[in-house]
């Protein structure tokens, strides 16, 4: 079952890591600007870096709780601004934005779960925690036998 948590973290983080490249394109900045994002040419790449850092953190399970909060910081404004289906007139576009809105809500739920429960087994966090809890007999005080 340990592998389930590892697979879940990697699959969850994949969308954030793989979408990072797009955040450095003019097309994505232009799309954000069209949605009313101020300073989109700066904000969009910064959002991409936040998503990349959070995604890599969760995937590796290193400081995964912090990584999950980074993904929350990324998801909330992106979901509300870029997928505001309620403001779209074209029915087909509104439906696509609604699908993306609810997809992002699901991702937000996953990020909250990771922020609460942490990375689980088979993670850098678990390895570091186990490593720091190891007791070495040579370092323990010797009892004197009288």
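The values are calculated or read from the model by the stated rules, or taken from the named source; none is laboratory data. Please read these numbers as outputs of a predicted model, since none were measured by experiment. Don't worry about glycine lacking a Cβ; one is built from the backbone with ideal geometry, like all the others, and counts go over all protein chains shown.
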Among 109, 55, the single one that is at pLDDT 95 or above, loosely packed, with under 12 Cβ neighbours inside 10 Å and either within 20 Å of residue 14 (Cα to Cα) or in contact with a strand residue (DSSP E or B) (Cβ under 7 Å, 6 or more places away or on another chain) (or both) is 109
Screening 21, 37, 17, 81 for residues that are exposed (fewer than 15 other Cβ atoms within 10 Å of the Cβ) and touching a residue at least 40 places away in the same chain (Cβ under 8 Å) leaves only 81
Can you confirm whether residue 88 is within 22 Å of the chain's Cα centre (by Cα) and surrounded by 12 or more Cβ atoms within 10 Å (Cβ to Cβ)? no
Of the residues in segment 16-42, those that are in contact with a helix residue (DSSP H, G or I) (Cβ under 7 Å, 6 or more places away or on another chain), part of a helix (DSSP H, G or I) and closer than 18 Å to residue 104 by Cβ come to 16, 17, 22, 23, 28, 32
